[in-house]
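Asker: Sharing a structure with you now.
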């Protein structure tokens, strides 16, 4: 679902989700040598062609190192503790804001809205953006993230 009059999605894009999962996989294999593209694609259920493009982008950004050859593959260029989720989202999505008028890096005026100086929704989204950015900038690929049961299973004990 896209924001009104904007290409800024309200949820994380598939690109961002795939990138996070691929980088988490590389973090799990930190200091174990290069991880083959096929191993990442299979373990993370990411289409191989899409993964190739995503990892090439992360190589250009200095997050990932690519090794060619028979024993080639990918590994993190930085320690997992130095790669923050906020940075990954900003690289792949442009912003952590949920609406374009609350974005610091990709600010746009919303269509069909009040003037920004009068909009309390924008005020709420600015607070949310700041809180979410602070949290995402505290968490790195080195932090343990619990796997939560699906909502259907969560109520069954």
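Asker: In the stretch 118-136, is there at least one residue being over 15 Å from the mean Cα position of the chain (by Cα) and part of a loop (DSSP other than H, G, I, E, B)?
Answerer: yes
Asker: Kindly list the number of the only condition in (1) more than 15 Å from the chain's Cα centre (by Cα); (2) surrounded by fewer than 17 Cβ atoms within 10 Å (Cβ to Cβ); (3) not in a loop (DSSP other than H, G, I, E, B) that fails for residue 107.
Answerer: Going through the list (1) more than 15 Å from the chain's Cα centre (by Cα); (2) surrounded by fewer than 17 Cβ atoms within 10 Å (Cβ to Cβ); (3) not in a loop (DSSP other than H, G, I, E, B), residue 107 breaks only (3).
Asker: Run down 102, 41 and say which single residue is more than 15 Å from residue 140 (Cα to Cα), assigned by TED's automatic domain parsing to the domain that holds residue 132, touching a helix residue (DSSP H, G or I) at 6+ places or on another chain (Cβ under 8 Å) and crowded, with 16+ Cβ neighbours inside 10 Å. Break it down stepwise before answering.
Answerer: Working: 41 fails: assigned by TED's automatic domain parsing to the domain that holds residue 132.
The conditions single out 102.
Asker: Now for a separate question. Please find, among 146, 117, the residue that is under 30 Å from residue 35 (Cα atoms), outside the structural domain of residue 19 (by TED's automatic domain parsing) and either surrounded by 16 or more Cβ atoms within 10 Å (Cβ to Cβ) or modelled with pLDDT of 85 or more (or both).
Answerer: Numbers: 117 fails: under 30 Å from residue 35 (Cα atoms).
Being under 30 Å from residue 35 (Cα atoms), outside the structural domain of residue 19 (by TED's automatic domain parsing) and either surrounded by 16 or more Cβ atoms within 10 Å (Cβ to Cβ) or modelled with pLDDT of 85 or more (or both) holds for just one of 146, 117, which is 146.
Asker: For the condition out of contact with any helix residue (DSSP H, G or I) (no Cβ under 9 Å at 6 or more places or on another chain) and either surrounded by 14 or more Cβ atoms within 10 Å (Cβ to Cβ) or more than 19 Å from residue 145 (Cβ to Cβ) (or both), what is the one hit in 96, 59, 64? First the steps, then the outcome.
Answerer: Working: 96 fails: out of contact with any helix residue (DSSP H, G or I) (no Cβ under 9 Å at 6 or more places or on another chain); 64 fails: out of contact with any helix residue (DSSP H, G or I) (no Cβ under 9 Å at 6 or more places or on another chain).
59 is the lone residue from the list that is out of contact with any helix residue (DSSP H, G or I) (no Cβ under 9 Å at 6 or more places or on another chain) and either surrounded by 14 or more Cβ atoms within 10 Å (Cβ to Cβ) or more than 19 Å from residue 145 (Cβ to Cβ) (or both).
The values are calculated or read from the model by the stated rules, or taken from the named source; none is laboratory data. Bear in mind that the values here come from a model prediction, so they are computed numbers and not experimental data. Heads up, the Cβs are rebuilt from the backbone with ideal geometry, glycines too, and the neighbour counts pull from every protein chain shown.
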